[in-house]
Amino acid sequence: ANPRTLLLGAAAQFGIFATVLGALTLNYFGLISFTLPQAAAIGIIGGADGPTAIYLSGKLAPELLGAIAVAAYSYMALVPLIQPPIMKALTTETERKIRMVQLRTVSKREKILFPVVLLLLVALLLPDAAPLLGMFCFGNLMRESGVVERLSDTVQNGLINIVTIFLGLSVGAKLVADKFLQPQTLGILLLGVIAFGIGTAAGVLMAKLLNLCSKNKINPLIGSAGVSAVPM
């Protein structure tokens, strides 16, 4: 209904790239040693997406999977504490009071076509990401189609809770003391909170930038939603 807000989500990903550069900077100055794949895995914490962080770190830096997962989910839980000070510092009271215009109603056909088209594009352009995005699209399609309501309700409630428990157990099994209690873990925790902060700031600033060239103003506070915090 409002495609330009896609830019808010895109801007929030600056936290990922800033974190990658931060990890490489720590390595350059000899403070904490991170390889490029490890830096990339740490950077994905800035996406505030737990499953993505686990998936990518498992591919690029399995030795850091436990620490990255703990950092990602911890900061996702702390979003209500991390984001408000940044949002308040970067916006004026007038901007925070902006009332956005009512969007048009999205048709059922559009809601159903969205996950299908998205998955096709991802499979063609980024096949490595297809399994991850495919699960997202499948869940979205189940909910919007309206023909499998019982299954959709189970997935959104009972199943997600069971999966979360097993996910926590499997990640916890990776937290072996001799691997977790390392200087690298402190670096990951530090870079993680920086990633969340930069991602939030970038989303808010992008909304302010869009307002400079648009009649229909966007409340800059929604820019922070680019830090998705999934699944929370």
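We did not get these values from a lab; they are worked out from the coordinates using the rules stated. All values reported here derive from a predicted model rather than from experimental measurement. Note: ideal-geometry Cβ built from the backbone for every residue, glycine included; neighbour counts use all protein chains shown.
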TODO: Starting at the first residue of the range 73-90, write each ³J(HN,Hα) from the Karplus equation 6.51 cos²θ - 1.76 cosθ + 1.60 with θ = phi - 60°, in whole Hz, x for Gly and Pro.
DONE: 6, 5, 6, 4, 5, 9, 3, x, 9, 7, 6, x, x, 5, 4, 5, 5, 9
Task: Alpha carbon convex hull of the range 50-102, volume per residue in cubic angstrom - done: 127 Å³
Open item on the list: Taking the beta-carbon count within 10 Å as an exposure proxy, list Thr200, Thr154 from fewest neighbours to most.
Closed with: Thr154, Thr200
TODO: Inverting the mean 1/r over all pairs of different Cα atoms, compute the Kirkwood radius of the range 18-93 and quote it in Å.
DONE: 13.3 Å
Open item on the list: Number of Lys pairs in the chain with C-alpha atoms less than 24 angstrom apart, excluding same-chain neighbours closer than eight positions?
Closed with: 10
TODO: Distance from a point 7 Å along Cα→Cβ of Thr164 to each backbone N in the range 68-105: keep the residues under 16 Å and list them by number.
DONE: 70, 72-80
Task: D (Stokes-Einstein, µm²/s), Kirkwood Cα radius, the range 5-53, 1.002 mPa s at 20 °C - done: 191 µm²/s
Task: Order of Ile162, Ile16 - criterion: other Cβ atoms within 10 Å of each residue's Cβ, fewest first - done: Ile162, Ile16
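Within the range 91-121, which trypsin sites (Lys or Arg not before Pro) sit in a loop by DSSP and count at most 11 neighbouring Cβ atoms inside 10 Å?
Those satisfying the criteria are Lys97, Arg99, Arg104.
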TODO: Jot down the per residue volume, in cubic angstrom and as a whole number, of the convex hull over the alpha-carbon atoms of the range 36-152.
DONE: 177 Å³
TODO: For every helix of n ≥ 4 consecutive DSSP H residues, a contribution of -39,500 (n - 2.57) applies; sum these over the chain, divide by its total residues, and give [θ] at 222 nm rounded to the nearest 500 deg cm²/dmol.
DONE: -21000 deg cm²/dmol
Task: Taking Ser170, Ser228, Ser107 and counting other C-beta atoms within 10 Å, the order from fewest to most - done: Ser107, Ser170, Ser228
Open item on the list: Positive end of the dipole of the range 3-226, charges at C-beta (+1 Lys, Arg; -1 Asp, Glu), about the Cα centre: which of Val116, Ala23, Asn219 has its Cα farthest in that direction?
Closed with: Asn219
Open item on the list: Of Val176, Ala77, Ile162, which is farthest towards the positive pole of the range 60-211's charge dipole, taken about the Cα centre with +1 and -1 on the beta-carbons of Lys, Arg and Asp, Glu respectively?
Closed with: Ala77
- [ ] Only one of the values (1) -0.48, -0.68, -1.17, -1.30; (2) -0.54, -0.77, -1.25, -1.34; (3) -0.54, -0.72, -1.11, -1.22 was calculated from this structure for log10 I(q)/I(0) by the Debye sum over Cα atoms at q = 0.10, 0.12, 0.16, 0.17 Å⁻¹; name its label.
- [x] (2)
Open item on the list: Give me the mean projected area, in nm² to one decimal, of the convex hull enclosing the Cα positions of the range 132-232.
Closed with: 9.7 nm²
Task: Whole-Hz couplings from phi, Karplus 6.51/-1.76/1.60, listed for the range 45-50; x for Gly and Pro - done: 4, x, x, 6, 10, x
Open item on the list: Could you give me D for the range 95-136, from Stokes-Einstein at 25 °C and 0.890 mPa s, where the hydrodynamic radius is the Kirkwood radius over C-alpha pairs? Units µm² s⁻¹, please.
Closed with: 195 µm²/s
Open item on the list: Taking amide H atoms as placed 1.01 Å from N in the peptide plane, list the residues 5 or more away in sequence, or in a different chain, whose amide H sits under 5 Å from that of Phe34.
Closed with: Asn27
Open item on the list: Just want to confirm a number: the relative contact order over the chain, from Cα pairs under 8 angstrom separated by 6+ residues, in percent.
Closed with: 39 percent
Task: the chain, dipole about Cα centre (Lys/Arg Cβ +1, Asp/Glu Cβ -1), debye to the nearest 20 - done: 840 debye
Task: In order through the range 14-26: 3J(HN,Hα) via Karplus (6.51 cos²θ - 1.76 cosθ + 1.60), integer Hz, x for Gly, Pro - done: 4, x, 5, 5, 5, 5, 4, 5, x, 5, 5, 5, 4
- [ ] At most 11 other Cβ atoms within 10 Å and a DSSP loop assignment: could you name the chymotrypsin sites (Phe, Trp or Tyr not before Pro) in the range 1-95 that fit?
- [x] Phe29
